[in-house]
1. Which condition from (1) part of a helix (DSSP H, G or I); (2) over 15 Å from the mean Cα position of the chain (by Cα); (3) among the basic types (Lys, Arg) is the one that Lys89 breaks?
2. Kindly evaluate Asp286 against the criterion of being at positive phi and either under 30 Å from the mean Cα position of the chain (by Cα) or assigned by TED's automatic domain parsing to the domain that holds Phe235 (or both).
3. Among Thr204, Thr191, Thr213, which is the only one that is within 24 Å of Pro136 (Cβ to Cβ) and of a type in the set (Val, Ile, Thr)?
4. Can you tell me which residue within segment 243-257, out of those that are crowded, with 18+ Cβ neighbours inside 10 Å and touching a residue at least 24 places away in the same chain (Cβ under 8 Å), is nearest to the chain's Cα centre (by Cα)?
5. Is there a residue being without any contact (Cβ under 8 Å) to a residue 40 or more places away in the chain, crowded, with 21+ Cβ neighbours inside 10 Å and within 20 Å of the chain's Cα centre (by Cα) anywhere in segment 209-221?
6. What's the number of the condition Leu94 fails, among (1) surrounded by fewer than 19 Cβ atoms within 10 Å (Cβ to Cβ); (2) within 15 Å of Trp60 (Cβ to Cβ)?
7. Between a first residue in segment 258-278 that is among the acidic types (Asp, Glu) and a second residue that is surrounded by 16 or more Cβ atoms within 10 Å (Cβ to Cβ) and part of a strand (DSSP E or B), which pairs have beta carbons less than 6 Å apart while being 6 or more apart in sequence or on different chains?
8. Quick one: in segment 148-180, which of the residues that are closer than 19 Å to Gln218 by Cβ and crowded, with 17+ Cβ neighbours inside 10 Å is modelled with the highest pLDDT?
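The values are calculated or read from the model by the stated rules, or taken from the named source; none is laboratory data. These figures come from a predicted structure and were not determined experimentally. Please note: Cβ atoms are built from the backbone with ideal geometry, for glycine as well, and neighbour counts cover all protein chains shown.
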Amino acid sequence: MTLIVIMILALAGTVAISRLLDSSRSRINPAYEEESLYLNGNTAKRLSLGFNGMVADWYWMRSLQYVGRKVLDSKQGPMLDNLQNLNLKLLAPLLDTTTTLDPAFTEPYEYAAIILPGIDTEAAIRIARKGIAANPNSWKLYHQLGYIYWQRGDYATAAQTYGMGAKIPGAPEWMKAMKAKMSLEGGSRSTAEEIYSRMLEESTDPNVRAMATVRLKQLDSLNQRDLIRKVLVSFKAKRNQCPASWQEIAAVLQTLRFSLDKHGSPLDPEGVPYHLSNDGCDVELDPHSPIPRR
């Protein structure tokens with residue numbers, strides 16, 4: 001009974017705090033919805049009355065709802081790591097408040113590392129470093145910070161970050177390998193494959209895992225198209241013309257382990273046939289393929 005009473009009081013306290021936080025905001029015209037609607041972290045912490053973790057969860061849910069609403073309102077289906085056009089200027093303050101209320105809550109740091117680089121890189125770096133300062137024994141936060149620097153094209157700093165994370169007890173061996181890879185070939189496709197593979201392996205967030213899966217399929221498709229182009233160049237060199245249909249090179253594609261449909265068309269990683277373009281001299285994705293173009 002004591003436990004039940006405590007749980008009821010905690011729930012009532014959370015509801016009361018949520019209402020207090022909402023009532024503390026000034027009422028504004030909906031036309032100005034994108035202004036600073038939420039309390040900063042330190043103010044929210046003072047008003048949380050000791051329920052920091054619960055209020056952090058509330059802000060975390062608000063962060064997810066904020067992004068989700070923007071995505072649903074958009075006419076396109078943007079990738080989780082490609083939301084530049086959605087005007088998410090409240091996201092960084094929301095995540096900042098969440099992590100101020102509960103610095104050990106690691107999911108918001110990962111979310112910030114994935115989404116914020118395309119919106120506000122400096123905010124992404126600041127929140128990641130804030131996470132490392134609060135959780136110095138978490139090698140995953142170094143992985144996330146390294147990802148931000150990699151996205152920015154700062155491969156030297158990314159390598160240094162992975163190297164620092166590799167020194168933490170319990171860090172996997174691939175963190176050291178990632179440091180070397182960043183130093184030698186930071187901008188390569190193979191580095192991108194390594195990063196998204198590790199992200200898929202380590203993340204527990206289903207949205208992050210879905211994003212990593214799609215990016216890996218995109219990279220796989222880029223490799224496939226490069227290989228198909230080599231076949232097309234070879235065909236043209238021998239015949240002095242490009243193939244009129246996939247059937248003319250289907251046998252070669254089969255030997256290269258491509259999956260083909262009944263017409264001999266090679267299939268992309270989503271199972272959609274590629275298109276011959278430029279009078280049969282090039283290959284491109286089908287317009288209906290879910291593989292990202294960029």
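1. Going through the list (1) part of a helix (DSSP H, G or I); (2) over 15 Å from the mean Cα position of the chain (by Cα); (3) among the basic types (Lys, Arg), Lys89 breaks only (1).
2. On the way: at positive phi: no; either under 30 Å from the mean Cα position of the chain (by Cα) or assigned by TED's automatic domain parsing to the domain that holds Phe235 (or both): yes.
Here the answer is no, as Asp286 does not meet what is asked.
3. Numbers: Thr191 fails: within 24 Å of Pro136 (Cβ to Cβ); Thr213 fails: within 24 Å of Pro136 (Cβ to Cβ).
Answer to the check: Thr204.
4. Leu253
5. Checked segment 209-221: at least one residue is without any contact (Cβ under 8 Å) to a residue 40 or more places away in the chain, crowded, with 21+ Cβ neighbours inside 10 Å and within 20 Å of the chain's Cα centre (by Cα).
6. If we test Leu94 against (1) surrounded by fewer than 19 Cβ atoms within 10 Å (Cβ to Cβ); (2) within 15 Å of Trp60 (Cβ to Cβ), just (1) comes out false.
7. Asp261/Pro273
8. Narrowing segment 148-180 to residues closer than 19 Å to Gln218 by Cβ: 150-151, 153.
Checking the rest, the ones that are also crowded, with 17+ Cβ neighbours inside 10 Å come to 150-151.
On the way: Trp150: 96, Gln151: 92.
Among those that are closer than 19 Å to Gln218 by Cβ and crowded, with 17+ Cβ neighbours inside 10 Å, it is Trp150.
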